[in-house]
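Written below as structure tokens is the structure these notes are about.
Bear in mind these aren't lab numbers, they're just calculated from the coordinates by the rules spelled out. Everything quoted here is computed from the prediction, not taken from an experiment. FYI the Cβ positions are ideal-geometry reconstructions off the backbone, even for glycines, and counts take in every protein chain you see.
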Amino acid sequence: MKSDQLFMMVFRFEPNFEYQPTAQEQKEISEQWGSFIGNIAIKEKLVSTHQLGFEGKQIFSDLSTKDEILITDHKTIGGNMIVKANSIEEATAMAKESPILKIGGSVEVRSIIPMEN
């Protein structure tokens, strides 16, 4: 049996700054994410998770900055999650339950390479 490895799920979606969900929609979205994260945590596979805000700065190689988040192909990163799994296939199976997929978003699953000192 393989030992658990670490994988990062990167959640991407197309932001719609003109649409504001209703209180009921916000509640439902929050419940879906709570269930998704909770199910992974119950299996003792959750390491950490973060939701990203819409305020940000980009810093470029010439040290110039831009006051905005990166949106490419009309999508931005909404957050990430680090999980423990025996394989990338197991981590991918977990990611397929993500609520981001229900709104047309995507999840990228990546292996994590530990930094050596």
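Between region 92-117 and region 1-80, how many Å separate their Cα centres?
The two parts, judged by their Cα centres, are 10 Å apart.
Would you be so kind as to identify which of LEU101, LEU52, LEU63 lies farthest towards the positive end of the dipole of region 41-117, taking Lys and Arg as +1 and Asp and Glu as -1 on Cβ and the Cα centre as origin?
Ranked along the dipole, the leading option is LEU101.
Can you list which of the trypsin sites (Lys or Arg not before Pro) found in region 82-117 are DSSP loop residues with at most 16 other C-beta atoms within 10 Å?
LYS96
Would you mind classifying the chain by shape? Square roots of the alpha carbon gyration tensor eigenvalues, ordered a ≥ b ≥ c; an a/c under 1.5 is rounded, otherwise it is prolate if a/b is larger than b/c and oblate if not.
In terms of gyration-tensor shape, oblate.
With +1 on each Lys and Arg Cβ and -1 on each Asp and Glu Cβ, and nothing else charged, work out how big the dipole of the chain is about its Cα centre, in Debye to the nearest 20.
320
Checking the table LYS45/LYS96; LYS75/LYS96; LYS57/LYS96; LYS45/LYS102; LYS27/LYS75 against a 26 Å threshold on Cα-Cα, which pairs fail?
In this structure, LYS57/LYS96 exceed 26 Å between Cα atoms.
Using the count of nearby Cβ atoms within 10 Å as a rough guide to exposure, how do MET81, MET8 rank from fewest to most?
Fewest to most other Cβ atoms nearby, the residues stand as MET8, MET81.
When only DSSP loop residues count, what GluC sites (Glu not before Pro) in region 1-53 have their Cβ near at most 12 other Cβ atoms within 10 Å? Can you show the working numbers first?
On the way: sites: GLU18, GLU25, GLU28, GLU31, GLU44; in loops: GLU18, GLU44.
Here the sparse-neighbourhood loop sites are GLU18, GLU44.
Using a simple spin-label model with points 7 Å from Cα along the Cα→Cβ vector, what separation in nm is obtained for SER106 and GLN5?
Roughly 2.1 nm, to one decimal.
Loop-only trypsin sites (Lys or Arg not before Pro) in region 36-65, please: DSSP not H, G, I, E or B, and at most 16 other Cβ atoms within 10 Å.
LYS43, LYS57
Taking only DSSP H segments of four or more residues, each worth -39500 (n - 2.57), what value at 222 nm results for the chain once the sum is divided by all its residues, to the nearest 500 deg cm²/dmol?
Mean residue ellipticity, 222 nm, calculated: -7500 deg cm²/dmol.
Give me the distance in nm between label points sitting 7 Å out from Cα along the Cα-to-Cβ direction at MET115 and ASN86, one decimal.
3.1
If you take the beta carbon distance between LYS43 and LEU63 as r and set R0 to 41 Å, what does 1/(1 + (r/R0)^6) give as a FRET efficiency, to the nearest 0.05?
0.40
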